[in-house]
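S.K.: The structure under discussion is supplied below as structure tokens; questions concerning it will follow.
The values are calculated or read from the model by the stated rules, or taken from the named source; none is laboratory data. This one's a predicted model, so the numbers in the text were calculated from it and none came from an experiment. Cβ placement follows ideal geometry from the backbone for every residue including glycine, while neighbour counts extend to all protein chains displayed.
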Amino acid sequence: MLIAGLIVAAIGGALYMMQAFGRSSSRMAIGSGAAALGAAVTPVLMDQCGFAAEATAVDHLFAYGLMAGGAWLALVITKAFLRRGEKKSGEDAAFAGEIRTGGFRLGWWVPWALLAPTLIILVIFLYTPAVQTFTLSSKLARLGAPRQVEVCFANFTELLIPNAVALVAYPLISLALIFGARFWRNRSEKGTIGHTLAEVASILAALSVFVALYLMFSPGGGGSVAYRPVYVTTMIISVGIVVFGMTAGLAVAVLAFRGIRGGGAYRTMLVWPYAISPAVAGILFFMILDPTAGIVNHLAEVWFGWDFPNYREDPFMARFAIIMASSWKIIGFNILFYLAGLQTVPREQMEAAALDGATAWQRFTNVIIPALSPITFFLLVTNLTYAFFEVYATIDFMTKGAPAGATSVAIYEIIRVGVNNGDLGRGAAQSVLLFAAVIGVTMWQFRTSGERVTYGGA
């Protein structure tokens, strides 16, 4: 079974390089070898347990999935090196005459020598722990215990539904919907009702990725861990942070961009929340929203005679409190970049739109928003990364995942299980799944949002 997977990876690598570079036998051979090597490495990290005699169909599925991921990563890296090699060859040919007539040419080893300290640090502190986490996810390991037991994919199968057919079907259906919608959109004529419907279908098809993930995670009946509520909570809080943080950041940036007295100091103070750690943000909102002594409850009672709901007991209010605290923490970052982007909006277009009778809202939606699309796309990626990975301290100080797990997001669950409970293997498996989900969401962003970004005057 391992050999069959390697053969398929080699054939796929050759086809991938043929699609990228044409019918070049050398490129196809390199791609075939790289894909086979990448596919061979991942089973080794898991001690080839997925192909053991006692392995289940789900174990086989996981093993082939890891091989496919390793092959794809190897192909992406190989393609980047080959592209860079072609670009470098072109530059050398263009400047060959200049170099021969007195130019100074450095050896190929000089850039690598200068990069060596950075590469060493990355290998020691980033890549090696990542590989160790991946390997640890296949073991039953306790914090402080010297012995580790190989459990292969058991830590993963507790988090996902134990049905190999469903685990394959859900992603394939989602991919079919995405490619079908894109094919419909590309074939339809712009400005027609059909193209509009195709755009809507493309958005719905892209959202099917999240539905597929929802169905793939264990609801608690199949595995011993109910991970589906964690996934739902992660999506709700992450989307809330991104939407509210970016919307409020853009609104404040537009207001702060106007010429006001003391504008420099005002804009500087707007950025200050970003310098505060997530833990401090959690402490501040813990005190502000305290049902007994918090300022919000006091003002609601004095002004409106209303008893503000206790966010520690109400799931909706708890999630809302986490979203507000985390958005306040990141809003300074968003304001900073939006202020920089507003300075690049062409004044000529704004003046022309005003002369044509466009209202302030029309100028904002038709001129400012398109001009800010590169920054918006960048902030979309960074805000989502922040929402996935940097909200642990805020949640820990405010709610500790309560009430009833309503604020227990993926990163909080990883630290709770892996560090607090000492179950390193299961925590590592959750971190691998979170990493895969973030990579998938990022790719989805580049496919959906990235293609709508307009750079410069293009």
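S.K.: In segment 358-373, how many are touching a Gly at 6+ places or on another chain (Cβ under 8 Å) and closer than 24 Å to TYR274 by Cα?
M.R.: First pass over segment 358-373, keeping only residues touching a Gly at 6+ places or on another chain (Cβ under 8 Å): 371-372.
Checking the rest, the ones that are also closer than 24 Å to TYR274 by Cα come to 372.
Residues flagged as touching a Gly at 6+ places or on another chain (Cβ under 8 Å) and closer than 24 Å to TYR274 by Cα within segment 358-373 amount to 1.
S.K.: Return yes or no: is ARG319 assigned by TED's automatic domain parsing to the domain that holds TYR386, out of contact with any strand residue (DSSP E or B) (no Cβ under 8 Å at 6 or more places or on another chain), among the basic types (Lys, Arg) and part of a helix (DSSP H, G or I)? Even if it seems obvious, please write down each step before you answer.
M.R.: Values: assigned by TED's automatic domain parsing to the domain that holds TYR386: yes; out of contact with any strand residue (DSSP E or B) (no Cβ under 8 Å at 6 or more places or on another chain): yes; among the basic types (Lys, Arg): yes; part of a helix (DSSP H, G or I): yes.
Yes; evaluated as a whole, the condition is true for this residue.
S.K.: Now a separate question. Can you tell me which of ALA130, ALA113, ALA74 is assigned to a helix (DSSP H, G or I), modelled with pLDDT of 65 or more and touching a helix residue (DSSP H, G or I) at 6+ places or on another chain (Cβ under 7 Å)? Let's see the steps before the verdict.
M.R.: Working: ALA130 fails: touching a helix residue (DSSP H, G or I) at 6+ places or on another chain (Cβ under 7 Å); ALA113 fails: touching a helix residue (DSSP H, G or I) at 6+ places or on another chain (Cβ under 7 Å).
That would be ALA74, the only listed residue that is assigned to a helix (DSSP H, G or I), modelled with pLDDT of 65 or more and touching a helix residue (DSSP H, G or I) at 6+ places or on another chain (Cβ under 7 Å).
S.K.: Checking THR344 against (1) part of a helix (DSSP H, G or I); (2) free of Cβ contacts under 8 Å to residues at least 40 places away in the same chain; (3) hydroxyl-bearing (Ser, Thr, Tyr), only one condition comes out false. Which one?
M.R.: Here THR344 meets the rest and fails (1).
S.K.: Residues LEU136, LEU160, LEU140: which one is within 20 Å of PHE51 (Cα to Cα) and touching a Phe, Trp or Tyr at 6+ places or on another chain (Cβ under 7 Å)?
M.R.: Details: LEU136 fails: touching a Phe, Trp or Tyr at 6+ places or on another chain (Cβ under 7 Å); LEU140 fails: touching a Phe, Trp or Tyr at 6+ places or on another chain (Cβ under 7 Å).
Being within 20 Å of PHE51 (Cα to Cα) and touching a Phe, Trp or Tyr at 6+ places or on another chain (Cβ under 7 Å) holds for just one of LEU136, LEU160, LEU140, which is LEU160.
S.K.: Condition first: surrounded by fewer than 17 Cβ atoms within 10 Å (Cβ to Cβ), among the hydroxyl-bearing types (Ser, Thr, Tyr) and in a helix (DSSP H, G or I). Can you find one or more residues in segment 211-226 that meet it?
M.R.: Yes: segment 211-226 contains one or more residues that are surrounded by fewer than 17 Cβ atoms within 10 Å (Cβ to Cβ), among the hydroxyl-bearing types (Ser, Thr, Tyr) and in a helix (DSSP H, G or I).
S.K.: What residue, among those in segment 19-32 that are assigned to a helix (DSSP H, G or I) and free of Cβ contacts under 8 Å to residues at least 12 places away in the same chain, is nearest to the chain's Cα centre (by Cα)?
M.R.: Pass one, segment 19-32, residues assigned to a helix (DSSP H, G or I): 19-21, 25-32.
Next, from what is left, pick out any that are free of Cβ contacts under 8 Å to residues at least 12 places away in the same chain: 19, 25-26.
Values: GLN19: 27, SER25: 36, SER26: 35 Å.
Filtering first and then ranking leaves GLN19.
S.K.: Pairs, please: C-beta under 6 Å, at least 6 apart or cross-chain, first residue assigned by TED's automatic domain parsing to the domain that holds ALA248 and in segment 270-296, second at pLDDT below 80 and not charged (D, E, K, R)?
M.R.: As it stands, the answer is VAL296/PHE308, since those pairs meet every condition given.
S.K.: Scanning segment 43-54 for residues that are farther than 15 Å from ILE3 by Cβ and surrounded by 18 or more Cβ atoms within 10 Å (Cβ to Cβ), which turns out nearest to the chain's Cα centre (by Cα)?
M.R.: Looking at residues that are farther than 15 Å from ILE3 by Cβ and surrounded by 18 or more Cβ atoms within 10 Å (Cβ to Cβ), I get MET46.
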